[in-house]
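I have placed the structure first, in the form of structure tokens, so that the comments after it can refer back to it.
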Amino acid sequence: MPICNVLPRLAFAGAVGVSLSILTLSAQAATEWDMPTPYGDRTFHTENIREFTDEVRQATDGELDIKVHSNGSLIGHAEIKNSVRRGIVPIGEVIMSRLANENPIFEVDSVPYLAAGYEEARALWEASREIIDEELAKQNLRLLFTVPWPPQGIYTQEEVTGPDDLKNLNMRAYNNASERLAQLAGAVPTQVEVPDIPTAFSTGRVGAMITSPATGADTKAWDYLSHFNHAQLWLPKNMIIVSERAFSRLDDDTRQAVLDAAEEAEERGWEMSREETREALSVLKDNGITVTTPTPELEDKLQEIGDTMTDEWVERAGEQGQQILDAYRDQQD
Ligand code: PCA
């Protein structure tokens, strides 16, 4: 059934469910929120979100009960942001760069080599948060927290020693930047969501992918790939957004509990991500994946691609982009 037919029913069923519980349990009318997320249960992002929802539940004595629907099971990744905006669900998770078609500032964290380590990624986030908050607020969305993925690299079935080895590979991508990078490397990009990765490989639709050590380990990359190049291209972030309308319906204490838990989740999540980089790299190796870093020839090519993509981004992102870059560079001085 197309999702547009299902969603109004879900919303309707939700509304009926809530009003019935108000009638029958008026003394303890807890608020229940459904929260769609795109990634699976093994992913550290999902674990962090579950800790966030547990904390909210505890801090509010069960007044706000957020139920996590992981792995795109309630709503597919492509629909999550608009579903929150339209009030079909009150809260959700998306990768920020997925919104790049709305405004290039959302993909500032996916420009190759602009911020390729955790310290830089954090500084870039400090420099971009306010503008991103404002853009989301224009759509009645409130940003609760963001957490980065580990640095992005390239998985292949053969060893990559130079740029020519990337040519003509069917490369799995997940946002505009990974698609553009694949193109500039002479590969053929195809966007595939994480839950569909194993099928995309087993059916031969793709033979290589851009992602993190984390997602490679979560999707058991060793079943269909043998090499990971830890190129550390960028650290894209997931963000948790809530509809301002749903948020404003909460009482003051509950709102504060959500904001406090969000702040903690952001701190915890960034730490988890660093830790996950180390763990996932060793899981990959333990399962037979050869982990390398770019040879000088490959590095030159990736750097050249990075420069091109930085220029393209600066051009697209205009004044807002320049503002972010200035603030970022100020922080680094
Ligand atoms: N995992 C997600 C986004 C980036 C990452 O490391 C993916 O591959 O789609």
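Just wondering, is there one or more residues in the stretch 157-168 that are buried (at least 18 other Cβ atoms within 10 Å of the Cβ), within 24 Å of Arg278 (Cα to Cα) and within 13 Å of the ligand (Cβ to nearest atom)? Within the stretch 157-168, not a single residue is buried (at least 18 other Cβ atoms within 10 Å of the Cβ), within 24 Å of Arg278 (Cα to Cα) and within 13 Å of the ligand (Cβ to nearest atom). When Tyr39 is tested against (1) over 14 Å from Ile241 (Cβ atoms); (2) open to solvent by 60 Å² or more (accessible area, probe 1.4 Å), just one condition goes unmet, and that condition is (2). Elements of the type strands (runs of 3 or more DSSP E) sitting completely within the stretch 226-314 and holding at least 3 residues that are under 24 Å from Glu102 (Cα atoms): these cover 237-243. Restricting to the stretch 116-132, and then to whatever is in contact with a helix residue (DSSP H, G or I) (Cβ under 9 Å, 6 or more places away or on another chain) and surrounded by fewer than 17 Cβ atoms within 10 Å (Cβ to Cβ), can you tell me which residue is nearest to Leu235 (Cα to Cα)? Per the stated criteria, the residue is Arg122. Residues of the stretch 112-123 that are more than 16 Å from the ligand (Cβ to nearest atom) and under 16 Å from the mean Cα position of the chain (by Cα): Arg122 alone. Selection of the stretch 202-225 for residues being away from the ligand (no atom under 13 Å from the Cβ) and either under 17 Å from Asn71 (Cβ atoms) or in a helix (DSSP H, G or I) (or both) yields Ser202, Lys220, Trp222, Asp223. Might you check whether a residue that is within 13 Å of the ligand (Cβ to nearest atom), within 30 Å of Leu143 (Cβ to Cβ) and among the aromatic types (Phe, Trp, Tyr) occurs anywhere in the stretch 233-247? Among the residues of the stretch 233-247, at least one is within 13 Å of the ligand (Cβ to nearest atom), within 30 Å of Leu143 (Cβ to Cβ) and among the aromatic types (Phe, Trp, Tyr), which makes the answer yes.
Taken together, Arg316, Arg255, Arg329 contain a single residue that is open to solvent by 50 Å² or more (accessible area, probe 1.4 Å) and within 30 Å of Asp34 (Cα to Cα), which is Arg255. Scan the stretch 76-98 for residues that are open to solvent by 10 Å² or more (accessible area, probe 1.4 Å) and in a helix (DSSP H, G or I) and the total you get is 7.
Checked against the criterion of being surrounded by 17 or more Cβ atoms within 10 Å (Cβ to Cβ) and of a type in the set (D, E, K, R), the candidates Arg274, Arg268 yield just one match: Arg268. Restricted to the stretch 169-206, and to residues there that are open to solvent by less than 30 Å² (accessible area, probe 1.4 Å) and β-branched (Val, Ile, Thr), the residue that is nearest to Gly40 (Cα to Cα) is Val194.
Number of residues in the stretch 99-151 that are touching a strand residue (DSSP E or B) at 6+ places or on another chain (Cβ under 6 Å) and either more than 27 Å from Ile88 (Cα to Cα) or part of a helix (DSSP H, G or I) (or both) equals 4. When residues in the stretch 207-230 are screened for being under 21 Å from the mean Cα position of the chain (by Cα) and open to solvent by less than 50 Å² (accessible area, probe 1.4 Å), 16 of them pass.
For the stretch 283-313, the tally of residues that are open to solvent by 50 Å² or more (accessible area, probe 1.4 Å) and aliphatic (A, V, I, L, M) stands at 1. Would you please name the residue that is nearest to the ligand (Cβ to nearest atom), looking only at residues in the stretch 133-156 that are of a type outside the set (Ser, Thr, Tyr), surrounded by 15 or more Cβ atoms within 10 Å (Cβ to Cβ) and over 15 Å from the mean Cα position of the chain (by Cα)? Only one residue fits best here, namely Gly153. Residues of the stretch 304-317 that are in contact with a helix residue (DSSP H, G or I) (Cβ under 8 Å, 6 or more places away or on another chain) and without any contact (Cβ under 8 Å) to a residue 40 or more places away in the chain: Val314 alone.
The values are calculated or read from the model by the stated rules, or taken from the named source; none is laboratory data. Not measured: the values here are computed from a predicted model. Neighbour counts are summed over all protein chains in view; Cβ atoms, including those assigned to glycine, are modelled from backbone coordinates with ideal geometry. What goes into the accessible areas is simple: the full protein's heavy atoms, side chains included, and nothing from ligands, DNA or RNA. Shrake-Rupley method; radii C 1.70, N 1.55, O 1.52, S 1.80 Å.
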